[in-house]
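Let me begin by presenting the structure, written as structure tokens, before commenting on it.
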């Protein structure tokens, strides 16, 4: 589309120059070029030179503009949008809590906490793809199978008072993962646009990642307060937490690994949705 516009602009400039050449004077790019009135050969030669210069300049400008556009970083588009339900979700009715979803194209795990002082509840989720190459993904939340430590019935509810699916312990709740008109990821429930989780707050580096050095590792980065974050390594097979440590966000991310590596920095790319380390390790966000 951009190339077509530039070529069209070149044609317009050339046509304008040709039309103007029938008169004794014409203006090009802010400069007035006066042609002699008593020498037709020189007049034609001068017009020819100006036209050739105009075509060459316009063509060069078009090529330079195209090269500039091709050199710009382009967003990496997911091949399968259905897997992008994996995220740290924000529930506006529980702004101090979080919902984390991660898994595969058949099943997932939900980590849920409404308040920082609450226990983290863990629920299984069934994933059902709706069609190929995009569209909606159906998520079935089984809230009766929590592995959290809450003893009373209410503590095993998701939403616990209205946020998200406020379901009884034995109830299965259906959610739909899709994107809204602004292309923001959302999970809605009961076809009610006012009852949803959204990912808008966490479209930056906060989220769920995969590791190019370990295909079985799930990486979860959550915001604690301000620039302070917590990082979890989990095994995608049995959901075991293999490591937990802190990180600090900024122009670059600083991770405080619990092993001999200590403090290590990484660069986040919003276009490529990646965290890249100096040793070549790349974490890619869903």
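Quick note: the coordinates plus some simple rules give every number you see, no bench work behind them. What you are looking at is a predicted structure, and each value in this text was computed from that prediction instead of being measured. Neighbour counts run over all protein chains shown; Cβ positions are idealised from the backbone, glycine included.
Quick look at the numbers
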{"item": "Intensity falloff of region 204-286 expressed as log10 I(q)/I(0), Debye formula with alpha-carbon point scatterers, at q = 0.26 Å⁻¹", "result": "-1.58"}
{"item": "Among 207-213, 90-96, the order from most to least packed when residues are scored by Cβ within 10 Å on average", "result": "207-213, 90-96"}
{"item": "Length gained when the stretch residue 122-residue 282 is fully extended (0.36 nm per residue, less Cα-Cα span)", "result": "54.8 nm"}
